[in-house]
Amino acid sequence: LVRGKTSRATRSILNNMSNRIITLTTDFGLRDPYVAEMKGIILKVHPNAKLIDITHEIEKFNIRMGAYIFCCAAEHFPEGTIHVVVVDPTVGTKRRPILVETKKGFFIGPDNGVLSLAAVKAGILNCYEITNPHFMLPKVSNTFHGRDIFAPAAAYLANGVDVKEFGRQINEITKPRFTKVISREGELLGEILHLDGFGNVITNIAAAQIERLGMSSYLQIKTSGQEIRVKLCQTYGEAKLGDPLALIGSHGYLEIAVNQGSAFGRFRTKLGDKITVTRT
Amino acid sequence: LVRGKTSRATRSILNNMSNRIITLTTDFGLRDPYVAEMKGIILKVHPNAKLIDITHEIEKFNIRMGAYIFCCAAEHFPEGTIHVVVVDPTVGTKRRPILVETKKGFFIGPDNGVLSLAAVKAGILNCYEITNPHFMLPKVSNTFHGRDIFAPAAAYLANGVDVKEFGRQINEITKPRFTKVISREGELLGEILHLDGFGNVITNIAAAQIERLGMSSYLQIKTSGQEIRVKLCQTYGEAKLGDPLALIGSHGYLEIAVNQGSAFGRFRTKLGDKITVTRT
Amino acid sequence: LVRGKTSRATRSILNNMSNRIITLTTDFGLRDPYVAEMKGIILKVHPNAKLIDITHEIEKFNIRMGAYIFCCAAEHFPEGTIHVVVVDPTVGTKRRPILVETKKGFFIGPDNGVLSLAAVKAGILNCYEITNPHFMLPKVSNTFHGRDIFAPAAAYLANGVDVKEFGRQINEITKPRFTKVISREGELLGEILHLDGFGNVITNIAAAQIERLGMSSYLQIKTSGQEIRVKLCQTYGEAKLGDPLALIGSHGYLEIAVNQGSAFGRFRTKLGDKITVTRT
């Protein structure tokens, strides 16, 4: 970055001033002070952090929804971005605080699966359990690791602390069921990850898995106690107004939609419902 | 900006580090990953962009409300600010993606009227259709031009790409009905642009148009199937508690209010309702 | 900050480029343009301001809730941070716009108590009434001092204007009842400051006041027409699922909780309800 006639003094100033992107994803909402507290802590350690909110409206304790939203957003950020995700229903228990180094950036949060979809997609390089108290608040509460452990870890990492300083390397991180799709006899078994603000029902089934099912442009879908046959479309407008359709959404996952309507209103889908897909 | 003994190396670093303000206005909400995806894309192209959210809570597909909120906010930003507005019910159809250069800044979004109120107020200089694929994502979806076209356009513009590079110049942008007030025989015909969080009903009728109506300090107002005579006040407190009044709001438009109450609750006004105003 | 061989030109550029943190807390919500207008005004005066939202979802006109949320968040920000708080039901009346210099940072807002909890905690050094029109918008409205007075004051302060320039020094700022707890005969009389998104009921009674009450690990609590005896716990999990408990929350105030449930749903608590606490 800094070359030529620039003096050492200038160089060091410039390095300190360089923004480092830190994203935040939580289920805290924005009405309470919790998110702002995390931001204050980060800025105390690294005043030039560039803080970007992914969302704070994950349904409380819904790891599956957090994992999906975070995964969609994270892949679009620059290399080296530091991501903090706090959907943490078992805070204060034995679940580990982790730091995952991937080919695309750094993921910090509880080891409960909320980082897994994104981490696998980004290409995991190394995983660490965060245990070094030097990079935590002096007093760690039982109820708010977002502020006391994850926020300072992100800020110190942005400051240039080496990943190995945070704690011992670990071999595996938790990869829950919703990161896996079962394929058997021309049938895919997945689940519902997210119901978006436009009424779309988004599954954990990836485009490539649908392709391997066969050539038909119609899908037979069983979910939430219902069974429908829908066309696999390119755009919402291919179906008639109010008619259901399937498509590969802008994040590469199969979704069920209703043209200009709400698919989850129509099918009464809930987060986590199972879904079975065949091509007919 | 950079003068004196500063070396060329330092100068170039400083220029790259300079923040450039990019604002975002959408109807995406903050629960889904869509806004964060736009931010990630912008930061990949221009890591020092200074991202400011105007709002993401425009009612879905409500171009009129988007146009009003954006217009109110945009006028307060520094010259040269780049504004991205995505309220885009006809995404994927023939409606054009546009870039509007004004005396005050740059406006990027769909050519459906959502930019018009603000663009006219800021003083339109030149309009361009965004067609150059070099400044879009490699693959443009049919459903998410905010991420695939508008966000990268803003980021490349912030990076110094000339407005002429984005596509051919066009003569006109869409100016829908809600940007116009009809004046006839001492009567103004407008419509309701916004119902704010304090209960105020905000019209598209500007202060100057009210002044031209005459000298009386009372207005006769017909809207939403009702007819009332109200005083044109300077502050909410001039009316009795719970009584209706009219005033020129802080953005220069006529609004109907109830002192410490909700005008749209009382009059059952809806967005887009017509309104007729005379002075009596 | 800037030393060694760095030229004067570089130094001055670097100083101008340095971010200055300005936080915003309001009851405006994010659907209307009001918050964005304040941000635009600040960036016009100080383009490198680092704007951090604490929250804009304070219940409209609820000074008590604003004071509490702001106090929780403010203490975690770096020294020198400039905080703007606008919960301002009496805007346009005689209540004074104030600037409070504390040991930890600068607090700007209406003198109605919304700054008091945080200001006292941070250690008040000097208070000023903001009266100098040079640091306001040219035209100050009766309804929106957040944009016309408080935002520009914060931006000029960030620009290096001395606190004494904003107006005359004043001796006292408003400290309303909710900043005070009454202690008598082994009993504490406080009130309910906040009902958080996790269902917890948060009081204005500080940890030290509870300690002075005695040694028992059980509290007798009267509030909202009910009387309960609960254990003073360290974590939510010490109580049975669905059982009430008391604890000192992560901000140092007594709170009433229900393990994995909603305490304010159960006790029908409202903001501002009185609470009496004894140890038994």
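The values are calculated or read from the model by the stated rules, or taken from the named source; none is laboratory data. Computed from a prediction, not measured in an experiment: that's the story for all the values here. For neighbour counting, all protein chains shown are included, and Cβ atoms are generated from backbone atoms with ideal geometry for every residue, glycine included. Quick note on the areas: whole protein, heavy atoms, side chains included, nothing else; ligands and nucleic acids left out. Shrake-Rupley method; radii C 1.70, N 1.55, O 1.52, S 1.80 Å.
Taking 7 Å steps out from each Cα toward its Cβ at residue A:170 and residue C:161 produces label points 5.1 nm apart.
Compactness of the protein assembly as shown is given as radius of gyration and Dmax, 27.8, 81 Å, from Cα positions. Each part gets one Cα centre, and for the stretch B:254-279 versus the stretch A:151-219 those centres are 48 Å apart.
For residue C:50, the residues whose modelled amide H falls within less than 5 Å of its own, excluding neighbours fewer than 5 places apart on the same chain, are C:20, C:21, C:22.
Normalised by 2.2 N^0.38 Å, where N is the number of residues, the C-alpha radius of gyration of the stretch A:192-252 stands at 1.10. Within the listed set B:201, B:140, B:91, the residue fluctuating most in the Gaussian network model of chain B (springs between alpha-carbon atoms under 10 angstrom) is B:140. Remark: mean inter-chain Cβ contacts per residue of B:141-153 equal 2, using a 10 Å Cβ-Cβ cutoff to other protein chain atoms.
Within 10 Å of the Cβ of each residue in A:178-186, the mean number of Cβ atoms contributed by other protein chains is 0. Only helices enter this figure: runs of n ≥ 4 DSSP H residues, each worth -39500 (n - 2.57), summed and divided by the residues of chain A, yield -6000 deg cm²/dmol at 222 nm to the nearest 500. Converting phi to 3J(HN,Hα) with the Karplus coefficients 6.51, -1.76 and 1.60 and the offset θ = phi - 60°, the stretch C:178-185 yields 6, 8, 10, 10, 8, 10, 8, 6 Hz in sequence order, with x at every glycine or proline. What a 1.4 Å probe finds exposed on chain A is 49% carbon and sulfur by accessible area, rounded to a whole percent.
Among B:19, B:200, B:142, the largest mean-square fluctuation in a Gaussian network model of chain B (Cα springs under 10 Å) belongs to B:142. Close amide H contacts of residue C:88 (hydrogens built in the peptide plane, cut-off under 5 Å, sequence separation of 5 or more or a different chain): C:61.
Shown is the FRET efficiency for residue C:131 and residue A:218, computed with R0 = 60 Å from the Cβ-Cβ distance and rounded to the nearest 0.05: 0.25. Largest first, the residues B:165, B:255 sort by 1.4 Å accessible area into B:165, B:255. When the C-alpha to C-alpha distance is required to be over 19 Å, the pairs from B:104/C:44; B:60/C:39; A:44/A:94; A:164/B:44; B:103/C:139 that qualify are B:60/C:39; A:44/A:94; A:164/B:44; B:103/C:139.
For the stretch B:85-90, the Karplus equation 6.51 cos²θ - 1.76 cosθ + 1.60, evaluated at θ = phi - 60°, returns couplings of 10, 10, 10, 9, x, 10 Hz by residue, with Gly and Pro reported as x.
FRET efficiency for the pair residue A:103 and residue A:268, taken as 1/(1 + (r/R0)^6) with r the Cβ-Cβ distance and R0 = 45 Å, rounds to 0.70. Interface size, chains C and A: roughly 2700 Å² of accessible area buried, both sides included, 1.4 Å probe, rounded to the nearest 100.
Remark on residue C:204: its backbone amide H falls under 5 Å from those of C:191, C:193, a criterion applied only to residues 5 or more positions apart or on other chains, H modelled at 1.01 Å from N.
Ligands, DNA and RNA excluded, the heavy atoms of residue C:57 present near 80 Å² of accessible surface to a 1.4 Å solvent probe. Averaged over the residues of peptide C:53-61, the number of Cβ atoms from other protein chains lying within 10 Å of each residue's Cβ is 4.
Computed on the stretch A:82-215, with alpha-carbon pairs under 8 angstrom and 6+ residues apart, the relative contact order is 21 percent. Using only alpha-carbon positions in the stretch C:146-209, the gyration tensor eigenvalues give semi-axes of 36, 18, 10 Å once each is multiplied by 5 and square-rooted (largest first). Semi-axes of the equivalent ellipsoid of the stretch A:218-280 are 16, 14, 12 Å, computed as sqrt(5λ) over the eigenvalues of the C-alpha gyration tensor in descending order. Which residue fluctuates the most in chain C, going by a Gaussian network model with Cα springs under 10 Å, if the choices are C:174, C:81, C:235? Top of the fluctuation ranking is C:235.
Quick one: angle between helix C:63-74 and the longest Cα principal axis of chain C, in degrees between 0 and 90, rounded to 10, please. For C:63-74 against chain C, the angle is about 70 degrees.
The mean sequence distance of close C-alpha pairs (under 8 Å, at least 6 residues apart), as a share of the length of the stretch A:56-114, puts its relative contact order at 38 percent. For the stretch C:151-280, the per residue solvent-accessible surface stands at 49 Å², with DNA, RNA and ligands left out and a 1.4 Å probe. The share of alpha-carbon pairs in chain A lying farther apart than 36 Å comes to 25%.
Using θ = phi - 60° in the Karplus curve 6.51 cos²θ - 1.76 cosθ + 1.60, the 3J(HN,Hα) couplings for the stretch C:204-218 round to 8, 8, 7, 3, 4, 5, 5, 4, 5, 5, x, 9, 4, 8, 10 Hz; x is entered for Gly and Pro. Model label points for residue A:61 and residue C:44, set 7 angstrom from Cα along the Cα-to-Cβ axis, are 4.8 nm apart. Working from Cα pairs under 8 Å separated by at least six residues, relative contact order for the stretch B:97-162 is 31 percent.
Sorted from closest to farthest, the other copies place their residue A:187 label points 6.8, 6.8 nm away, with each point set 7 Å from Cα along Cα→Cβ. Measure nothing but the geometry: give the 0 to 90° angle between the long axis through the Cα atoms of A:8-17 and the longest principal axis through the Cα atoms of chain A, rounded to 10°. The angle comes out near 40 degrees. Computed packing ranks the peptides B:63-73, A:104-114 as B:63-73, A:104-114, most packed first, by mean other Cβ atoms within 10 Å. Site pair residue B:187 and residue B:234 shows an inter-label distance of 3.2 nm when each label is modelled 7 Å from Cα along Cα→Cβ. Roughly how many Å² of residue A:253 are accessible to a 1.4 Å probe, to the nearest 10? Per-residue accessible area (residue A:253): approximately 30 Å². Considering only DSSP beta bridges whose two residues both sit in the protein assembly as shown, what percent are antiparallel, to the nearest 5? Expressed as a percentage, antiparallel bridges in the protein assembly as shown total about 70.
Summed over all non-identical Cα pairs, the Kirkwood treatment of the stretch C:120-171 gives a radius of 11.8 Å.
Shown for residue B:139: label points 7 Å from Cα along the beta-carbon vector, and their distances to the equivalent points in the other copies, 5.2, 5.2 nm in ascending order.
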